[in-house]
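Novice: Take this structure first; my questions come after.
Where a number appears in this text, it was derived from the coordinates with a stated rule and is not lab data. Just so it is clear, the structure is predicted and the values come from calculations on it, not from any experiment. Note: ideal-geometry Cβ built from the backbone for every residue, glycine included; neighbour counts use all protein chains shown.
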Amino acid sequence: MSGILRRALLCIVALSASWARPVAADESHLVIVVGLGGEPKYTEAFHELAVRMIQAAEKKMGVAAANIAYLGEKATYPALPVYKGRASREAVQKVLGEIAQTAGPGDLVFVLLIGHGGSQAGESRFNLPGPDMTAADFAPLLAALGRQEVVFVNTASASGDFVKALSAKGRTIVTATKSAMERNQTEFPSYFVQAFSEDGADADKDQRVSVLEAFTYARREVERFYEKGHLLATEHAVLDDNGDGTGSSVPDPATGDGAMARRVFLGGGESTADGAAASADPRVAELRRQRRAIEEKIGALKARKDAMESAQYEDELEKLLVELARREAALRQKEGGR
Amino acid sequence: MSARFARLGLALLALAAVGGGPVHTVQAQDAASALRSGDYDAAILVLQRQAKKDPRAAAAHRLLVRTLAEVGRYADAEEEAKAFQAANPRSPELLTSLGEILAGRGRNAEAESAFKKAIAGGASDALTAEVDLSALRLARGDRDEAMRGFHRLIDAYNQASSLSSEQLAAVAQACWALGADDPQLFKDALKAFDESIAADPDNVDARVGLASLFLEKYNRTDAAAAAKEALDRNPSHPGALLAMARVLDADGAPGALEMLERSLKVNPAFEPARVFLAEVRLDQEDYPAAVLESERVLADNPASLPALSTLAAARHFQGDAAGYDVTRKRALALNPRAAELYNRLAELSARNRLYREAADFAQQAVALDSRTWRGLGILGLNQLRLGAIEPGRQSLEASFKGDPYNVWIKNTLDLLDTFPRYKETRSEHFQILLHGKEAALLAPYTEELAEDAYAHLSARYGYRPAGPVRVEVYPDHADFSVRTVGLAGLAGLGACFGPVLAIDSPSAREVGQFNWGSTLWHEIAHTFTLGMTGNRVPRWFTEGLSVHEEHRARPGWGDDVTVEFVRALKAGELLPLADLNQGFIRPKGPEQVAISYFQASLVVEWIESQRGFPAVVALLKAYGDGRSTEQAFQTVLGTTLEDFDKAFFAQLEQRFAGPLAAIRPAEKTVVLGPAARRAPTDLEARAKADAGDFEAQLAAGTALFHAGKRAESVPYFERAQSLFPEFAGRESPHFYLAAIYKDQGKTSEALRELQQLTAISDSHYRGQLELARLLEDQGDLAGAARSLDLAVYISPFEAAVHEKRAALATRLGDRAGVVRARRALVALDPVDKPEALYQLALALAEAGDAAAARREVLHALEIAPRFQRAQELLLRLHESRTGGATR
């Protein structure tokens, strides 16, 4: 290995040492905006996705119904208490403005756009009943959420340009396409919602689906969709969370995008996930602390993997994982089993 | 155009400045008009009248001489040229044409003299004489002098303010020849041809030259366009017809032989066409005919290197070492450094699947001339075919450096550049190259099937190919195509060069289009039959054997009888054995290829059934000894080909008597497929009107089925099935009936239909899956597992199939089966990879492979450290290994 590569490796080790610390979001706010369907089949499909996402947020991720707002094509949806009316530009501005007023610092605000997009005069747009909204229209609304953690997901066609316009520190921006040139109807939203509503996206088996996991799941399923159909892919989703205005199709938390999205969970996930949460039982607290320490060691070991003999790596990994498994078993016992 | 062409001088070259005098305008137009309609006789009559009227009109006489030569009346042309010279002893105007005629007859010394005189006398076509003279010098090995001559044309171009179309074509030819030293000049050749055509759009020779240049560089699209434009100007031009024949031949498109015949009809002595015909005969493995054609050319032109090459190749392929050596020496006597002789021999050998010989010949070409880029290219391609990848790459790189315009070489180098993305795995007898994205999934199946084929075939044939056999699996069909023929667009699924074979990966095509397992088996069978015969087995026999071995390998594998086959049998259109190679090499249409594969397999099957498999092996041995099919059949089977054909076709008619009676002529047939679904009423009426018409019954059944009238469709499907039980096409009645019976709750009937379907169709994915489902429902778990295993050879990419296979294997207590299915699931790279890895670890642990189980569970936990079930498994494995020592 060359000297340069060795140095690069050390940098990665240093980065990886900051093992995944979940964002301590107090509350999650979910805003779903469904745009114009144009045809009944799309209207229905978009609404169905919104409903699935709401159900997942409420039932799987524990987001309070009071913190969910759904704006869609119709004026009312009596069966859906979280439905807030037609998704006009004004309605979107109103809902996000209210959250900016009421959300606490550190809360998560998760905005999900489902619908059609396009571009006019070089500007990407999300099609709404009435005037469309551009990325520039969303910019002040997100700016007002400066104290909150923001996840903004535009699953529409031609959504790629939203990344550059909305990218900022403390924000995760996901778009279904890499540019405004990808104008075909996207498959991304159904897989993105599926990541939260069904099992399978929790890649690290921590019982929660991070935004990065959901993105990765959806991206790969979209790829499979096109491959299986022997079709040329007409959408390439990207994620940006380092504020550089450039989305990554394969985020790498160690070197670029993904570090924040990996730690953001709609609903916050289990409160003790980071091991740092307090417990009344000092033995539980100690076990959590030990677990956290072992996980950090595992992270550091993984970062050294390429520089190690595989047998040595496996032996060391096994040792740490066995320790972790034993702490977990003890914790489960103390916490009454999970 | 390069800088050297941009330096246009003001002065006209003295050679070009002397005009030949105008042809009488009206008559010239008449002649041109006659030529445009391809009427050479009329053109000659007009020109003869004009020449007679004006014995001093050089241009008219020259056009007459050239036209006579173009239709092969060389003696008349020579006589006419000489008569003009006699009448005009001081005119140099006919000397170039005379020289060309003499050169075409192998009278090189006289030709050279004529060319020199034309140049010295300042003939208006002196530039053509210069290029002809240089070509003569090059042909006899006087390379330096030849190149100096070609350079003089570039000087002429640069110094002339304008050149005629003919002169520009001569410049193009010179640039083409000089391209061997400086490939940029190939571009100049192109430009000069374009300028020549612009100067005179009726210059068909220039258009043919352009087509030939494109053909040499494997740019078939532009070659086809140039040939077509030439034929638009003169539909009977022998050179244009030959160019088009070559394009069609290179594309594998039908019509090449017809074009060649048309060319030879216009000029029966047209040397390049005769040589091409000799090459065709060689491709058809009809070596005596190739000898005949070659000798025919040599009788006219004893100095024809192309004809000497085809003759030497024919002798070599016949195993006539003495005859080959005499011919080779004859060619080398003309030019001791004739690398092109070996290049041609190499190319012809490769076309006859003699890749080792091709590489050897190309090596000899390179030894004679280290600057033969063509030779280096042929060498490289054949090294790759023999599995010598690195030496092959080096040869190709050297070729490309000298000639970067050869599309085949460029494409192949581009393909080689992608090889780092592939992963190589080894089994006992195979070296398998799989694309990284699918290697983990395909490698176990490929290795297992390849070794199974090896075991079966080596036992059956009593032969073991020298290993390892290299198997290349391409997920992109275009890459497979480039590997095989240098260009995208090959219709095949697999190719075998002997020790190397290449196939489409299952991901290269849509599910149901082919069975990659049977394709692999087919190609491995080629490795055996090619190896046993030193690649001297005829194409039809090796293909027939490979399909036959597919049929024997697994139920349903290999080509099936089709409506088109039965129709061809009925119409007497199946090729006799002596011509069966044509069905593969130069088919009349794409259907004939498929028909020929099946026919060849039936021939082999019949020989084995009548005479036992030892007769098949004896035939292979006879081919290996250099026997022709006629000789081999006589020696081994004691029959002439005619008698064999008679008996074979008679039993075919007996065997397929049912379908033969149920298939109507093509023009009376009902279109099957989606089109048949539109008008059930009409189709029902047709089916009722002719209850013995298979296609009408099937079309009516299909239409009713798709119209939702499933019950009404049953009688039609049942009748179709009884008329042609072996039919296994996509619209097979079996699948429809199975669906209907299943809906009706008639499970055993549905099962029977699916079993019959999968017994004759190797790529009916849905059929296999449905069969597996029904078998499982019936409690036949082993049968269900077998069906899923066969489904994987159609498409291995569906996770649910492997999940089901794992579940069945678990229920069957087949621990190895569980592990294999679990490995496939991991290889499919699921989003929930930790779960897949955990399941694999569990399967491995249960199969007793604790070390592998540990590795996989570590992988799972590496991704998901808090994965509880994986943690529990790790603790179990760890404690059983260490007794909990690390606690």
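Novice: In whole angstrom, note down how far apart the Cα centers of segment B:577-640 and segment B:421-455 are.
Specialist: That distance is 31 Å.
Novice: In whole Hz, what ³J(HN,Hα) sequence does segment A:280-293 give by Karplus (6.51, -1.76, 1.60; θ = phi - 60°), x for Gly and Pro?
Specialist: With the stated coefficients, segment A:280-293 comes to 5, 8, x, 5, 5, 4, 5, 4, 5, 4, 5, 4, 4, 5 Hz.
Novice: Pick out which of A:A285, A:A203, A:A135 has the largest mean-square fluctuation in a Gaussian network model of chain A, springs linking Cα atoms closer than 10 Å.
Specialist: Answer for the Gaussian network model of chain A: A:A285.
Novice: Using all Cα-Cα distances in chain B, what percent lands in each 20 angstrom bin from 0 up to the longest?
Specialist: 13, 37, 30, 16, 4, 0
Novice: Would you mind checking which residues have amide H under 5 Å from A:K84's amide H? H placed 1.01 Å from N; only 5 or more apart, or other chain.
Specialist: Distant-sequence amide H within range of A:K84: A:Y70, A:L71, A:G72.
Novice: I've got another one for you. Which peptide among B:689-701, B:857-869 comes first, and what is the full order, when sorted by highest mean count of other Cβ atoms within 10 Å?
Specialist: Taking the mean over residues of other Cβ atoms within 10 Å, the ranking is B:689-701, B:857-869.
Novice: Turning to a different aspect of this structure: For a quick check: with amide H placed at 1.01 Å from N, whose amide H comes under 5 Å from A:H29's, ignoring anything fewer than 5 positions away on the same chain?
Specialist: Placed amide hydrogens put A:L108, A:V109, A:F110 under 5 Å from A:H29.
Novice: On a 0 to 90 degree scale, rounded to 10, what angle separates helix B:436-461 from the longest Cα axis of chain B?
Specialist: Approximately 90 degrees, to the nearest ten.
Novice: Continuing with this model, one more query. Within straight cross-link reach of B:K117, meaning Cα distance under 16 Å, which lysines are found once same-chain residues fewer than 8 apart are removed?
Specialist: Output for B:K117: B:K82.
Novice: So how long is each side of segment B:418-532 along the principal axes, counting just the alpha-carbon atoms, biggest first, in Å?
Specialist: Projected onto its principal axes, the Cα set of segment B:418-532 covers 36, 28, 27 Å.
Novice: Leaving out same-chain residues fewer than 8 places away, which lysines sit with a Cα under 20 Å from that of B:K410?
Specialist: Cα-Cα hits under 20 Å: B:K187, B:K217, B:K401.
Novice: Right, here's the next one. Could you work out how far the C-alpha centroid of segment B:293-318 sits from that of segment B:676-726, in angstrom?
Specialist: What the calculation gives is 58 Å, centre to centre.
Novice: Next question, about the same structure. Angle, helix A:89-102 long axis vs. longest principal axis of chain A, Cα atoms, 0 to 90°, nearest 10?
Specialist: Approximately 40 degrees, to the nearest 10.
Novice: Cα centroid distance between segment B:740-802 and segment A:302-338, in Å?
Specialist: Going from one Cα centre to the other spans 43 Å.
Novice: Next question, about the same structure. Go through segment A:134-139 residue by residue and turn each phi into a ³J(HN,Hα) via Karplus (6.51, -1.76, 1.60, θ = phi - 60°); whole Hz please, and just put x for glycine and proline.
Specialist: 9, 4, 5, 5, 6, 3
Novice: With +1 on each Lys and Arg Cβ and -1 on each Asp and Glu Cβ, how big is the dipole of the protein assembly as shown about its Cα centre, in debye rounded to the nearest 20?
Specialist: 1600
Novice: Using only atoms on other chains, find how many Cβ atoms lie within 10 Å of each Cβ of peptide B:504-514 and report the average.
Specialist: Mean number of neighbouring Cβ atoms from other chains: 1.
Novice: Compute the angle between helix B:58-70 and the longest alpha-carbon principal axis of chain B, please, reported from 0 to 90 degrees and rounded to the nearest 10.
Specialist: Compared with the principal axis, the helix lies near 30 degrees.
Novice: Let me ask something else. Ordered by residue, what ³J(HN,Hα) values in Hz, to whole numbers, does segment B:253-261 give under the Karplus form 6.51 cos²θ - 1.76 cosθ + 1.60, where θ = phi - 60° and Gly and Pro are x?
Specialist: Each residue's phi maps through the Karplus curve to give 8, x, x, 5, 5, 5, 4, 4, 4 Hz.
Novice: Given the pairs B:K588/B:K688; A:K41/B:K833; A:K228/A:K305; B:K191/B:K228, which span a C-alpha to C-alpha distance of over 23 angstrom in this model?
Specialist: Going by Cα-Cα distance, B:K588/B:K688; A:K41/B:K833; A:K228/A:K305 fall outside the 23 Å limit.
Novice: Still on this structure, please answer the following. Starting from the Cα coordinates of segment B:23-165, work out the convex hull volume and express it per residue in Å³.
Specialist: 113
Novice: How big is the charge dipole of segment A:73-218 about its Cα centre, in debye rounded to the nearest 20, if each Lys and Arg gets +1 on its Cβ and each Asp and Glu gets -1 on its Cβ?
Specialist: 440
Novice: If you take the charge dipole of chain A about its Cα centre, with +1 on Lys and Arg Cβ and -1 on Asp and Glu Cβ, which of A:A45, A:Y77, A:A300 is farthest toward its positive end?
Specialist: Going by the Cα projections, it comes out as A:A300.
Novice: Let me ask something else. Provide, as a two-decimal number, the C-alpha radius of gyration of chain A over 2.2 N^0.38 Å, N being how many residues it has.
Specialist: 1.05
Novice: Then there's this: Can you list the aspartates and glutamates whose alpha carbon sits under 13 Å from that of A:K164, skipping same-chain ones fewer than 8 residues off?
Specialist: Result set, ordered by chain and number: A:E123, A:D240, A:D241, A:D244.
Novice: Ranked highest first by average number of other Cβ atoms within 10 Å, how do B:216-222, B:804-810 line up?
Specialist: Top to bottom by mean Cβ count within 10 Å: B:804-810, B:216-222.
Novice: For the protein assembly as shown, how big is Rg over Rh, using alpha carbon atoms and the Kirkwood form of Rh?
Specialist: Rounded to two decimals, Rg over Rh is 1.05.
Novice: Can you list the residues, at least 5 places off or on another chain, whose amide H is less than 5 Å from the amide H of B:V469, using H built in the peptide plane?
Specialist: Under 5 Å from the amide H of B:V469 lie the amide H atoms of B:F430, B:Q431, each far enough along the sequence or on another chain.
Novice: To continue, here is another question. Please give the net charge around B:F727, taking every other residue with its beta carbon less than 10 angstrom from that of B:F727, where Lys and Arg add +1 and Asp and Glu add -1.
Specialist: Counting the neighbours of B:F727, the net charge comes to -4.
Novice: Still on this structure, please answer the following. Please name whichever of B:P555, B:P665, B:F648 sits farthest to the positive end of the charge dipole of the protein assembly as shown, dipole taken about the Cα centre and charges placed at Cβ: Lys and Arg +1, Asp and Glu -1.
Specialist: Towards the positive end, the residue furthest out is B:P555.
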